[in-house]
């Protein structure tokens with residue numbers, strides 16, 4: 001099960017069918033992160049445990065674009081890759097006591113391929129980033145959550161397109177800085193989601209909102225701004241999720257209850273891993 005690809009249709013329903021197995025992948029990676037401990041004060045992430053009652057949980061739908069006609073759009077990230085990315089992304093965002101929970105993973109065909117090829121042939125230089133937004137299917141997008149689309153290649157590491165939509169390339173590369181994150185994709189994804197939470201670029205290369213570096217720090221004023229912006233993306237608190245899970249169970253909505261309880265377990269696992277007596281390092285990426 002771990003590392004297998006979800007057999008997902010071009011709509012959301014297929015992603016939801018495979019969500020349970022993908023959630024197990026993510027949870028196993030979170031627990032692996034929790035088991036990596038060190039006595040050093042230089043541990044790069046999660047030096048302090050967030051106050052779990054104040055954690056803001058934001059739903060995000062992950063879209064993995066595929067295309068046999070356009071190599072640039074054809075992303076080959078596995079479920080295990082996605083689990084590792086989201087786990088590390090949340091380690092970064094727990095500085096702001098914010099946790100992103102995956103509502104579903106949708107593997108779908110890129111759109112607008114023929115038009116993109118024509119525009120590329122007519123272009124004398126790099127295409128505007130807005131043109132790449134034509135790859136993104138709109139039928140699998142919904143309000144009340146954030147959407148992250150992974151593709152193979154772009155002129156930039158990632159871009160926030162507005163309206164809760166971020167586009168990230170799987171071939172992202174960053175300039176390393178001291179104590180920076182050890183992998184580009186979680187950092188790039190965390191950065192673009194920062195824009196969705198009203199954060200802007202900064203000059204300090206050790207910060208998350210610096211351009212093109214592995215820095216991940218989030219300043220106090222950025223924390224406050226991000227938390228104020230989060231309600232527009234369907235944010236809930238942990239107690240709300242617990243009540244919703246119980247009500248779903250009573251109503252016989254077992255899939256929904258299972259998903260919500262999985263989110264609760266994610267938040268609690270990362271919060272426990274961040275406790276001061278057990279500082280956590282990044283989990284090492286699996287051998288590829």
Log entry, pairs with first residue in the stretch 163-178 being at negative phi and modelled with pLDDT of 95 or more, second being part of a loop (DSSP other than H, G, I, E, B) and surrounded by fewer than 13 Cβ atoms within 10 Å (Cβ to Cβ), beta carbons closer than 8 Å, six or more apart or on different chains, reads 170/76
Margin query: Among the residues of the stretch 109-122, are any surrounded by fewer than 23 Cβ atoms within 10 Å (Cβ to Cβ) and closer than 28 Å to residue 87 by Cβ?
Written below: yes
State whether one or more residues within the stretch 63-75 are modelled with pLDDT of 95 or more, in contact with a helix residue (DSSP H, G or I) (Cβ under 6 Å, 6 or more places away or on another chain) and in a strand (DSSP E or B).
yes
Every listed condition ((1) outside any strand (DSSP E or B); (2) touching a helix residue (DSSP H, G or I) at 6+ places or on another chain (Cβ under 9 Å); (3) in contact (Cβ under 8 Å) with a residue 12 or more places away in the chain) holds for residue 120 save (3)
Exactly one of 192, 266 is within 24 Å of residue 79 (Cβ to Cβ) and at pLDDT below 90, and that one is 266
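Per-residue answers, yes or no, for (1) over 30 Å from residue 225 (Cα atoms); (2) without any contact (Cβ under 8 Å) to a residue 40 or more places away in the chain:
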| position | (1), (2) |
| --- | --- |
| 84 | no, no |
| 96 | no, no |
| 128 | no, yes |
| 153 | yes, no |
Restricted to the stretch 172-201 and to residues being in contact with a helix residue (DSSP H, G or I) (Cβ under 8 Å, 6 or more places away or on another chain) and surrounded by fewer than 17 Cβ atoms within 10 Å (Cβ to Cβ), the residue nearest to residue 88 (Cα to Cα) is 173
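The values are calculated or read from the model by the stated rules, or taken from the named source; none is laboratory data. Keep in mind the model is a prediction, meaning the values are calculated, not measured. Positions of Cβ are generated from backbone atoms using ideal geometry, with glycine treated the same way; all protein chains shown enter the neighbour counts.
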